[in-house]
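The block underneath contains the structure these notes are about, expressed in C-alpha cells.
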Amino acid sequence: MMKLKGKVAIVTGASSGIGRSIARLFASHGAIVYAVARREERLKALQEETKDCVGKII
C-alpha cells in the first residue's frame, strides 16, 4: 500500500511510543517523514529500521 506516496509528514516524539509507530507506519505507506525527537540516537535507529520502506525518514 502506498496511500501516502509523495506526501510529507512531520512526526514529533518519533523516538519512542506512538510517535515512533506513526513514523514507521507513514514511511511504510510511502510518505516522506520528518521525524523530530530529543533522542538523536533513537532517531538514527529508526532511520536504519525503515531503510527498506517505500517512504523515507528524515
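A short reminder: the numbers here are calculations on the coordinates, not readings from a lab. Nothing here was measured: the structure is a model prediction, and the numbers come from that model. All Cβ positions, even for glycine, are placed from backbone atoms using ideal geometry, and neighbour counts span all protein chains on display.
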- Message: Just to be sure I understand, how many residues within the range 49-58 are of a type in the set (Val, Ile, Thr) and buried (at least 16 other Cβ atoms within 10 Å of the Cβ)?
- Response: 2
- Task: Keeping to the range 1-19, report how many residues are assigned to a helix (DSSP H, G or I) and either under 14 Å from Gly55 (Cβ atoms) or in contact with an Asp or Glu (Cβ under 9 Å, 6 or more places away or on another chain) (or both).
- Result: 0
- Note on the structure: Selection over the range 36-58 where residues are small (Gly, Ala, Ser) and in contact with a helix residue (DSSP H, G or I) (Cβ under 9 Å, 6 or more places away or on another chain) yields a count of 2
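Would you confirm whether any residue within the range 35-48 is in contact with a Leu (Cβ under 7 Å, 6 or more places away or on another chain), surrounded by 12 or more Cβ atoms within 10 Å (Cβ to Cβ) and in a strand (DSSP E or B)?
yes
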- Message: Going by what's in this entry, would Ala27 be described as surrounded by 16 or more Cβ atoms within 10 Å (Cβ to Cβ), within 8 Å of the chain's Cα centre (by Cα) and assigned to a loop (DSSP other than H, G, I, E, B)?
- Response: no
- Across the range 12-35, what is the total count of residues that are without any contact (Cβ under 8 Å) to a residue 24 or more places away in the chain and in contact with a helix residue (DSSP H, G or I) (Cβ under 9 Å, 6 or more places away or on another chain)? 0
- Before we move on, is Lys44 charged (D, E, K, R), out of contact with any Lys or Arg (no Cβ under 7 Å at 6 or more places or on another chain) and touching a residue at least 40 places away in the same chain (Cβ under 8 Å)? no
